[in-house]
Structure formats: C-alpha cells, structure tokens
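Below is one structure; the comments refer to it alone.
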Amino acid sequence: MRPEVTAFFDEATNTISYVVVDPSTKRCAVVDSVLDYDPDAARTDKRSANQIIDFVRRQGLEVEWVLETHVHADHLSAAPYIKEELGGKLAIGSEIVTVQNVFGKIFNAGTEFQRDGSQFDVLFRDGDTFRLGEIPARVMHTPGHTPADMTYVIGDAAFVGDTLFMPDAGTARADFPGGDAHKLFQSTRRILHELPDETRLFMCHDYKAPGRDEYRWETTVGEEKRHNIHVREGRSEDEFVAMRTARDKTLGMPRLILPSVQVNMRAGQMPPPEDNGVRYLKIPVDTL
Ligand SMILES: [Fe+2]
C-alpha cells in the first residue's frame, strides 16, 4: 500500500507540507499546511495554502483528512482554511489538551478558549487506526519535541513531524514548554524499531546541513538507523540527552513562535475579534 506523496516546501519557515494520495480512490490527506505570516506587518497571506488547494483541485482529489503532526511553533497552520475550501476532518494528537493548558496560561486566554481539543474534529491516541481511501493508516504518539507530537503512518509512508530530521541534521529541539529530551529519544527509538527499514519517512522541516546545499525531506527508517547524527543505532539515551540539552541552550526562539502557538493552539483560528472588530495577538513579555 503505497500512497503518492507530493511535497510543498515553504522557504520562509523551512516547513514541508504534504498531500498524500491513495491513487486507487483519489482520496487524500493534507499534512501540516502553512498560512504565510509577515510578523512585521502582522499580515497573513494564503499563497502557500492556495498552491496546495490548486494542486488538489487540478488532480481531482477528495480531501479526507487534514492532519497536524503537532502544535507548530515556527509557522501558522492553514488547516481551517484548507478544510473550509476542500473539506476533510481536522485531526491532531489528544495531548493537544496539555499544550492548550500550558499556552492558554502563558497567553492568559480567557474562558472562551476551550482547553479540551474541541476545536479539532478528531483527537488521535497512540495506536489509533484510520484509512486514507483504501490504505490503512495508524497513529503513533511520539512526544518529546512537544507533548502532542504524532507520527502518521499511512501505508509505507510515515509523517514524523519534528521528531526526526534528515540523517545529517539529527533531531528537533526539545526545550519548548512541555518538551522532553528523554521522551524525544524514546520516540525516535519507537519509529526506528517499530517500522520496517524500507518505510519512507517524511520530515516537517529541513534547513540543509553542513556539506549539503539543497533541501531534502524524504529518507527511510534504514537510513536514519545507520546515519542519523543524533539517534543512529548505538547512541545511548544519556548521550543523546546531554547533547540535545546542551545544544538547545544555544538556540534562539523561532521568529514566529508567539503568533504561531497562540493561533495553532486554537487549531489555526485567530483569537476572537475585540469590540472594534479587530483580532489581536498577544506578546507576553519575559515569559518564554
Ligand atoms: Fe515543531
């Protein structure tokens, strides 16, 4: 069962969105779509999302699922716009509730902000199964980068979010609120040990790597096992945690973390408008 996967790379945030198609039914899933956002002007733009929408319409596909691997901290999700234009069920991991509690407090969101995941159509738990057209799919809870990260295994393809990067780039940071380097290591072990070596892995981000001049986002379980600079076979959890923790201390916050998280914790919806009809995003000072 081999879905056709088309990638859409957003150079502004180094994010890769995917359209995953069951060729026999032409049903598809849209994974981790991007709403363009200019933080200087606080202006959104649908250019990236429209490329996906145009592709889906041109190919005559029917959207069954709009999937988020996690609450992204580096880009705003276009999931509500994709769903409005194309349909499909919007899904994320059930631990979204933890993320909503943490960031609901940080942003002092009022009681209008439900912290029960009800902004999504489906909250997946570890081991849940679903179908994309006729292709069987299952969900793995792979926390560590954030508490709610999920890996979607659709046929022979797995969408790992920020749990793994390409082999020469390693792994994503684990120092956001709710992140945990131990859990991140254990999640990478589950992906590499529970899935067959030939499983195609699709990354959510790529930043190139030392000695590599083009963007890449597809690898395999076998390649990651042999070559991942942080978690290849033989690396110990303690070794990884020491490396990850030291490295995370050197990283600045992503440029779009404040707008991204307060929008994405609401499933990609902006906060409700104030009495003048304008929607506002907050900037908590000395908090992150
Ligand atoms: Fe992320």
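The values are calculated or read from the model by the stated rules, or taken from the named source; none is laboratory data. Small disclaimer: the values here were computed from a predicted structure and weren't measured. Don't worry about glycine lacking a Cβ; one is built from the backbone with ideal geometry, like all the others, and counts go over all protein chains shown. What goes into the accessible areas is simple: the full protein's heavy atoms, side chains included, and nothing from ligands, DNA or RNA. Shrake-Rupley method; radii C 1.70, N 1.55, O 1.52, S 1.80 Å.
Some observations on this one:
- Helix-only [θ]222 nm of the chain, DSSP H runs n ≥ 4, -39500 (n - 2.57) each, per residue, nearest 500: -7500 deg cm²/dmol
- Distance (nanometres) between label positions extended 7 Å along Cα→Cβ at ASP197 and ALA7: 2.3
- Using a probe of 1.4 angstrom and keeping all protein chains present, the accessible surface of region 1-90 works out to 42 square angstrom per residue.
- Counting 0.36 nm for each residue step from ASP238 to LYS282 and taking away their Cα separation leaves a gain of 12.1 nm.
- In terms of overall dimensions, region 163-275 has a Cα radius of gyration and Dmax of 16.2, 58 angstrom.
- Among LYS225, LYS249, LYS46, the largest mean-square fluctuation in a Gaussian network model of the chain (Cα springs under 10 Å) belongs to LYS249.
- Simple spin-label estimate for GLU218 and GLU134 in nanometres, 7 Å along Cα-Cβ: 2.2
- HN-Hα J in Hz across region 9-16 - Karplus 6.51, -1.76, 1.60, θ = phi - 60°, x for Gly and Pro: 9, 9, 5, 5, 10, 6, 9, 10
- The distance separating the Cα centre of region 1-61 from that of region 264-283 comes to 23 Å.
- Farthest toward the positive end of the dipole of region 1-68, out of SER33, MET1, THR13, is the Cα of MET1, where the dipole comes from beta carbon charges about the Cα centre.
- Shape of region 97-174 from the C-alpha gyration tensor: oblate (a/c of 1.5 or more and a/b not above b/c, with a ≥ b ≥ c the square roots of its eigenvalues).
- Residue-span extension gain [ILE257 to SER24] - 0.36 nm each, minus C-alpha spacing: 80.0 nm
- Evaluated with a Cβ-only charge set (Lys, Arg +1; Asp, Glu -1), the chain carries a dipole of roughly 120 debye about its Cα centre, given to the nearest 20.
- Rg and Dmax of the chain, Cα atoms only, in Å: 18.1, 59
- Given charges at beta-carbon only (K, R positive; D, E negative), |dipole| of region 27-163 in Debye: 200
- Classified by the C-alpha gyration tensor, region 121-221 has an oblate form. Its axis ratio a/c, with a ≥ b ≥ c, is 1.5 or above, and a/b does not exceed b/c.
- For region 1-97: rounded, prolate or oblate by the Cα gyration tensor [a/c cutoff 1.5]: prolate
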